[in-house]
1. Restricting attention to the range 1-52, which residues are part of a helix (DSSP H, G or I) and small (G, A, S)?
2. When you scan the range 66-78, do you find a residue that is open to solvent by 50 Å² or more (accessible area, probe 1.4 Å) and modelled with pLDDT of 95 or more, even just one?
3. Farther than 20 Å from A29 by Cβ, touching a Ser or Thr at 6+ places or on another chain (Cβ under 8 Å) and small (G, A, S) - does that describe any residue in the range 111-131?
4. Only residues in the range 41-65 that are on the phi > 0 side of the Ramachandran plot and open to solvent by 50 Å² or more (accessible area, probe 1.4 Å) count as the first member; pair them with residues that are at pLDDT 95 or above and in a helix (DSSP H, G or I), Cβ under 9 angstrom, at least 6 apart or cross-chain, and list the lot.
5. Filter the range 103-146 down to the residues that are in a strand (DSSP E or B) and charged (D, E, K, R) and list them by number.
6. In the range 183-202, is there at least one residue being more than 13 Å from the chain's Cα centre (by Cα), within 26 Å of A93 (Cα to Cα) and not aromatic (F, W, Y)?
7. Tally the residues that are hydrophobic (A, V, I, L, M, F, W, C), under 22 Å from I165 (Cβ atoms) and not in a loop (DSSP other than H, G, I, E, B), restricting the search to the range 199-219.
8. Can you tell me which residue is nearest to the chain's Cα centre (by Cα) among those in the range 114-143 that are surrounded by fewer than 17 Cβ atoms within 10 Å (Cβ to Cβ) and within 21 Å of C230 (Cα to Cα)?
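The values are calculated or read from the model by the stated rules, or taken from the named source; none is laboratory data. Here the structure is a predicted model, which is why all the values come from computation and not from measurement. All Cβ positions, glycine included, derive from the backbone under ideal geometry; neighbour counts span all protein chains shown. Note: accessible area is taken over every heavy atom of the protein model, side chains too, but ligands, DNA and RNA are not part of it. Shrake-Rupley method; radii C 1.70, N 1.55, O 1.52, S 1.80 Å.
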Amino acid sequence: MAPPIMTPDELQARVLYRDGLVLIIDKPAGIPVHQGPGGGPNLEQGFDALRFGFPKPPALAHRLDRDTAGCLVLGRHPKALRRLGKLFSEGRAAKTYWAVTVGVPAEPQGRIEAPLLKISTRRDGWRMVVDETGQSAVTDYKVLGQADGLAWLELTPHTGRTHQIRVHCATALGCPLLGDPQYATVESDRPGAPMHLLSRAISLPLYPKRDPVGAVAPVPPHMAAALDKCGFTTEG
């Protein structure tokens, strides 16, 4: 087995929230969360460093794409994972994303309701498309800033479909994510840019008699320049 993609110290430094049930970590962009069919290094390989005294490592409660950065939720034991799974499946995990898009939406805010269907071809592999026969997919968006043909969007997905934000931005808004390797065309993208999508915040109503727990992820270095250009004030 290949060595972990991050050292224990590096991974522990990315913990945003921790209690007896859950960990929320700041996932770096460009790293898959788990091993795919082709194998290779992944974030999950290093989870032993996140036991913090527990007998077993935590496990993924949901997924983020390889090129997405930000809040990733882990359950610390099977009971926690069952509880978290229920929250995610029922849509009670409140997720907020930030994205930089190529192009500015026609309306400053709105709701996208566009069903998504997975299609596969022998030549191009699989991708998600907007199709009336697909699964329901709903995303709210708001333009927070814009400059130089780019827009800074806040997005709230109300369903958890694969590539939902990426496809909704590219297809429904006509504004693909900057650096999206799959859904942005060569003509509309800016060559060489990594994908600009951040799982900015998450809120989890885990405990009946307590406020939701959650975390806010910092802006990753590769998104800082574009966000600053669009009006974001650099953190820290």
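1. Just the residues of the range 1-52 that are part of a helix (DSSP H, G or I), to begin with: 8-12, 43-50.
Selection gives G46, A49.
2. Let us first name the residues in the range 66-78 that are open to solvent by 50 Å² or more (accessible area, probe 1.4 Å), namely 66, 77-78.
Retained after the next criterion (residues that are modelled with pLDDT of 95 or more): 77-78.
Checking the range 66-78: at least one residue is open to solvent by 50 Å² or more (accessible area, probe 1.4 Å) and modelled with pLDDT of 95 or more.
3. Taking every residue of the range 111-131 in turn, at least one turns out to be farther than 20 Å from A29 by Cβ, touching a Ser or Thr at 6+ places or on another chain (Cβ under 8 Å) and small (G, A, S).
4. Here the result reads F52/Q12, each pair linking the range 41-65 to a residue that is at pLDDT 95 or above and in a helix (DSSP H, G or I).
5. Taking the range 103-146 as the starting set, the residues that turn out to be in a strand (DSSP E or B) are 109-113, 116-121, 125-130, 135, 138-146.
R111, E113, K118, R127, D140, K142, listed by residue number.
6. Looking for residues that are more than 13 Å from the chain's Cα centre (by Cα), within 26 Å of A93 (Cα to Cα) and not aromatic (F, W, Y), one finds none in the range 183-202, hence no.
7. Residues of the range 199-219 hydrophobic (A, V, I, L, M, F, W, C): 201-202, 204, 206, 213, 215-217, 219.
In the following step, the residues that additionally are under 22 Å from I165 (Cβ atoms) were identified as 201-202, 204, 215-217, 219.
Those still in the list that are not in a loop (DSSP other than H, G, I, E, B) too: 201-202, 204, 215-216.
Residues flagged as hydrophobic (A, V, I, L, M, F, W, C), under 22 Å from I165 (Cβ atoms) and not in a loop (DSSP other than H, G, I, E, B) within the range 199-219 amount to 5.
8. D140
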